[in-house]
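Encoded as structure tokens, the structure appears first; notes follow it.
The values are calculated or read from the model by the stated rules, or taken from the named source; none is laboratory data. A quick note: this is a predicted structure, and the numbers were derived from the prediction, not measured. All Cβ positions, glycine included, derive from the backbone under ideal geometry; neighbour counts span all protein chains shown.
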Amino acid sequence: MDSAPRIRILPPDTAKRIAAGEVIERPASVLRELLDNALDAGASMVEADLEGGGIASLRVTDDGRGMGPEDLALSVLPHATSKIAELDDLLTARTLGFRGEALASVAAVARLEILSAEREGVPHRLTSFPGHPASVEPGAGRAGTTVRIQGLFDSYPARKRFLKRPASESALCRQAFVDKALPFPSVAFRLLSEGRLVLFLPPARPAERVASVYAPDVPPGLLSEVTVSGPGFEGRTVIGDPGLARTDRRHTQVFVNRRRVAEYSLLQALDWAFSPVLPGGQHPFAFLFLEIDPALVDFNIHPAKREVRFRDIDPVRRSLVRSIQDALSDRSRLAGVRDRESAGDRGLWEVRETPAGGNARAPDAERPGGPMFVLPSRAPGEGETWDRIANLASEARSRREDGIRDTPGFPPEVPAADVRIDGTGYLGPGFRYLGSALGVFLVYEEDGALWLLDQHAAHERLIFDRLVSTPPAVQELLVPLVLEPESDAEEAWLAASAELLKEAGYTLERSGSDWQVTGLPAGLGSPDASAVLELLRSRPSPDSLLREAHATTACRAAVKDGDELDRTAALELIARARDLPEPRCPHGRPVRIRLGKDDLYRLVKRIL
């Protein structure tokens, strides 16, 4: 006997609610979809109002194009959209929405009311309840659209029981609101909760919009905008001072065609772009806003459009890394050669202006311990541009000798006349050296503050800068280091990179099916040969290979923690480190830190 069929066709209302669950997860999902519609309608002002975290009520008002009664009636039907007409339109759609599922999904799980009017039209009101057809009738209102949602998931208790408490849902709504506001800086946004204004974002530049949300207390000079462009794409990245870095990625975000997406490859590119100035484990303050030809990306792979598939992401990554690293280099060069690591709210990029003919340090009379040698500096004269200042800094650096010797006992290069002994320590050119601490730090006093210099990081940076400016000499190994490629990809990378590595002082030669390292940069010994293995195994990209090779050499050649420098060597290292144009080691760690008197007083509770 045939058994009854186990497959059944779901009732339309049940199917609608299940489908709605893929698009509408919680109030934040509703808010996201309604904001998309408002922005696609050309709104210049958008307001959202929440009650009970958006569960009890959620209203979005905009001053966009609005809808007439016919469009209003169609808007809540499944797959009804004004954004596309046929499948090929997905290749050219630049709107935030295009599937025609949002309002239909909302209508399936909540009470829905839409009041809308075109510029010269009569306002109409649509009312809809789950499981009932919508009705449209004349209403009263202004041009634009107001959408109100009430009782979300009241008719779908299986979903409602998984909602969080109202305060948590409200926080998620705020994040969804911000995610829409950041890529539309020319639009005004207002967010209210329980009748109270929570967030107001007037029209602004991209950097100002980002700062108003994520860095309201940060001085404007610590944020900047960097353009990125290439075949089929363009955009800008709002980047912040390395001091704004965090151990999480809350301040590292990617927006593609004005949608925030979880694109790990581009997040990784932002991390990589900052790697010269940030240590491992820290993520930069960086917000990428990328506009790309819709034919080169596919958003139709996630119901909420949180993911995107690129046809070719490598050109975007390369352009992004190059533009940010160029900007970091330029800003660092303009930031002044001395006091960029000082306390307070001054950061790596802030330029310290001084009167023409003056100097960046305090007058001798104000210095503790009496007069000390001061290097002269100059400020921009009448009509000089910042480009001219950059050239002056470059000329000054070119007059200085490159780096310091690669061993702890390098000979003195600080004139003896500039070194004196008093009751508290040794006076160098502009500072008082107090001694070493913990086998790691050189301790000195300058401008009424205590400074700790990381001797390894400082020496590493000096050697790195010298290697970048002058190719290193090569010393041959008596016993070559044998390297066996583990894959065809590694073999191809070695073949392609051998010539570039030679510029960095690493000589690679093919020997049958293997490769041999036959030469290392002068200053490295056989025990350091393992460094080249670490470098080669990591296989840096071609545009960063030379830098990574120099960084590896500098790290191995620099003085190590625990190496005791004699007094003359310590004085020289401090003097040179104070002149570094980039006061961070090649791996991003600060070379020195400043402890002002107030900082120390707080530590011992003299200041509360």
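Applying a threshold of 9 Å to beta carbon distances and a minimum spacing of six or more residues, or different chains, the list of pairs starting in region 100-115 at a residue that is among the basic types (K, R) and ending at one that is at pLDDT below 95 and crowded, with 24+ Cβ neighbours inside 10 Å reads R111/I149; R111/L152. Filtering region 173-187 for residues that are acidic (D, E), farther than 30 Å from H251 by Cα and in contact with a helix residue (DSSP H, G or I) (Cβ under 8 Å, 6 or more places away or on another chain) leaves an empty set. Selection of region 441-466 for residues being touching a Leu at 6+ places or on another chain (Cβ under 9 Å) and closer than 12 Å to L580 by Cα yields A458, H459, R461, L462, D465. Against the test of being hydrophobic (A, V, I, L, M, F, W, C), at pLDDT 85 or above and surrounded by fewer than 20 Cβ atoms within 10 Å (Cβ to Cβ), the options F274, F289, F285, F310 yield a single qualifying residue, F310. Flag not set for S168, criterion: at pLDDT below 95, more than 29 Å from the chain's Cα centre (by Cα) and small (G, A, S). The conditions of being part of a helix (DSSP H, G or I) and within 36 Å of the chain's Cα centre (by Cα) are not met by A158.
Listed here are the residues, each with its yes/no results for (1) β-branched (V, I, T); (2) more than 29 Å from V60 (Cα to Cα); (3) in contact with a Phe, Trp or Tyr (Cβ under 7 Å, 6 or more places away or on another chain).
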position: L201; (1), (2), (3): no, no, yes
position: S212; (1), (2), (3): no, no, no
position: V218; (1), (2), (3): yes, yes, no
position: V226; (1), (2), (3): yes, yes, no
position: G240; (1), (2), (3): no, yes, yes
position: A245; (1), (2), (3): no, yes, yes
position: V254; (1), (2), (3): yes, no, no
position: R258; (1), (2), (3): no, no, yes
position: A269; (1), (2), (3): no, yes, no
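Highlighted here are the strands (runs of 3 or more DSSP E) found entirely within region 179-238 that include at least 1 residues which are touching a residue at least 60 places away in the same chain (Cβ under 8 Å) and not basic (K, R): 188-193, 223-230. Candidates are the residues of region 197-230 that are out of contact with any Asp or Glu (no Cβ under 8 Å at 6 or more places or on another chain) and among the polar types (S, T, N, Q); the one that is surrounded by the fewest Cβ atoms within 10 Å (Cβ to Cβ) is S229. Filtered by the rule that a residue be among the hydrophobic types (A, V, I, L, M, F, W, C) and assigned to a strand (DSSP E or B), region 25-73 gives M45, V46, A48, L50, L58, V60.
Within region 540-574, the set of residues being buried (at least 24 other Cβ atoms within 10 Å of the Cβ) and within 23 Å of the chain's Cα centre (by Cα) comprises A551 only. Scanning region 425-468 for residues that are within 18 Å of P279 (Cα to Cα) and of a type in the set (S, T, N, Q) gives a single hit, Q455. For R547, are the conditions met, namely being assigned to a helix (DSSP H, G or I) and of a type in the set (K, R)? Yes. Can you say whether S541 is under 30 Å from R318 (Cα atoms) and at pLDDT below 80, as far as the supplied structure shows? Criteria met by S541. For A295, the conditions (1) under 22 Å from P185 (Cβ atoms); (2) over 10 Å from the mean Cα position of the chain (by Cα) are fulfilled apart from (1). Go through region 514-537 and give me each residue that's in contact with a Pro (Cβ under 8 Å, 6 or more places away or on another chain) and either modelled with pLDDT of 80 or more or part of a strand (DSSP E or B) (or both). Correct list: D514, W515, Q516, V517, T518, P521.
When region 243-271 is filtered for residues that are among the aliphatic types (A, V, I, L, M), part of a helix (DSSP H, G or I) and surrounded by fewer than 20 Cβ atoms within 10 Å (Cβ to Cβ), the ones remaining, listed by number, are L244, L267.
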